[in-house]
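The structure appears right after this line, and notes come after that.
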Amino acid sequence: EDKVVQSPLSLVVHEGDTVTLNCSYEVTNFRSLLWYKQEKKAPTFLFMLTSSGIEKKSGRLSSILDKKELFSILNITATQTGDSAVYLCAGMKTSYDKVIFGPGTSLSVIP
Amino acid sequence: DAGVIQSPRHEVTEMGQEVTLRCKPISGHDYLFWYRQTMMRGLELLIYFNNNVPIDDSGMPEDRFSAKMPNASFSTLKIQPSEPRDSAVYFCASSLGGTGESISGANVLTFGAGSRLTVL
């Protein structure tokens, strides 16, 4: 059965800290790993990672995929209170249809 | 594009009543997904359509749930009769499928704002 596991499930940090969120997956016919940010509304797309070892960056956020070890990390540097959210990791199959989500990591950034 | 549009945003109903949730996907997207999100179970895929045809409904909890997509711009998720354990946020999402490098970040799963359902 396909599954996506995230750790930690919950994290509290101070503004300015750097955090690393982890995602491991077991997805048959895997194609890509997706990261989403969810505040008190719908998940919004952050990154899609398809190739191993290539870092994707967007401002203070960056992510990388290791297809050999079946995991991905999401780094957030110099955290701000606006980074407080649930970060969802998901595995997408080669058929581009089913996307399997992990439970999410709830990040709280305190001033 | 206005994105994925869902209605109603909030629904409060009594046990036993019929609930209908509606979704308009992004124009041109050929996949449509219904997800349910709860604290206990996270984001669960209920059913998805490709070109208006249901492909996989294995996530639909039971016969009380049904979904339709009569055309490319509209889908409904119906619960009849509703039960308190159906209380959740229901998200509709759409995407543009493809092969090779045609899929891009802009075409992957885009969610609607969600419909928060409370069954008393």
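Filter the range A:3-31 down to residues that are outside any strand (DSSP E or B) and surrounded by fewer than 14 Cβ atoms within 10 Å (Cβ to Cβ), then give me how many there are. If you could, list the steps in order and put the result at the bottom.
Let us first name the residues in the range A:3-31 that are outside any strand (DSSP E or B), namely A:8-9, A:15-18, A:27-29.
Okay, now just the ones that are also surrounded by fewer than 14 Cβ atoms within 10 Å (Cβ to Cβ), so A:8-9, A:15-16, A:18, A:28-29.
Summing the residues that are outside any strand (DSSP E or B) and surrounded by fewer than 14 Cβ atoms within 10 Å (Cβ to Cβ) in the range A:3-31 gives 7.
Consider the range B:1-51. How many of its residues are facing chain A (nearest Cβ under 10 Å), within 26 Å of residue A:6 (Cβ to Cβ) and among the polar types (S, T, N, Q)? Summing the residues that are facing chain A (nearest Cβ under 10 Å), within 26 Å of residue A:6 (Cβ to Cβ) and among the polar types (S, T, N, Q) in the range B:1-51 gives 2. Checked against the criteria, residue B:49 counts as under 11 Å from the mean Cα position of the chain (by Cα), more than 25 Å from residue A:103 (Cβ to Cβ) and open to solvent by less than 30 Å² (accessible area, probe 1.4 Å). Within the range B:53-76, residues that are closer than 17 Å to residue B:4 by Cβ have Cβ atoms under 9 Å from residues that are acidic (Asp, Glu) in these pairs: B:67/B:57; B:72/B:30, counting only partners at least 6 apart in sequence or on another chain. Of everything listed in (1) part of a loop (DSSP other than H, G, I, E, B); (2) within 12 Å of chain A (Cβ to nearest Cβ), the single unmet condition for residue B:91 is (1).
Hey, can you tell me all the residues within the range A:66-111 that are open to solvent by 20 Å² or more (accessible area, probe 1.4 Å), more than 17 Å from residue A:56 (Cβ to Cβ), more than 8 Å from every other protein chain (Cβ to nearest Cβ) and part of a strand (DSSP E or B)? Listed by number, the residues that qualify are A:86, A:93, A:106, A:108, A:110.
Of the residues that sit in the range A:32-53 and are under 17 Å from residue A:91 (Cα atoms) and surrounded by fewer than 15 Cβ atoms within 10 Å (Cβ to Cβ), which one is nearest to the other protein chains (Cβ to nearest Cβ)?
Of the residues in the range A:32-53, the ones under 17 Å from residue A:91 (Cα atoms) are A:32-38, A:43-53.
Then drop every residue that is not surrounded by fewer than 15 Cβ atoms within 10 Å (Cβ to Cβ), which leaves A:44, A:51-53.
Details: A:44: 8, A:51: 11, A:52: 16, A:53: 18 Å.
Looking at the filtered set, the residue picked out is A:44.
In the set (1) assigned to a helix (DSSP H, G or I); (2) surrounded by 19 or more Cβ atoms within 10 Å (Cβ to Cβ); (3) charged (D, E, K, R), the condition left unmet by residue B:36 is number (1).
Would you please name the residue that is most open to solvent (accessible area, probe 1.4 Å), looking only at residues in the range B:1-33 that are among the polar types (S, T, N, Q) and farther than 17 Å from residue B:111 by Cβ? The selected residue is B:17.
The values are calculated or read from the model by the stated rules, or taken from the named source; none is laboratory data. As the structure is a prediction and not an experimental result, all values here were calculated from the model. With ideal geometry, Cβ positions are generated from the backbone for all residues, glycine too; neighbour counts draw on all protein chains shown. With ligands, DNA and RNA removed, areas are computed over all heavy atoms of the protein, side chains included. Shrake-Rupley method; radii C 1.70, N 1.55, O 1.52, S 1.80 Å.
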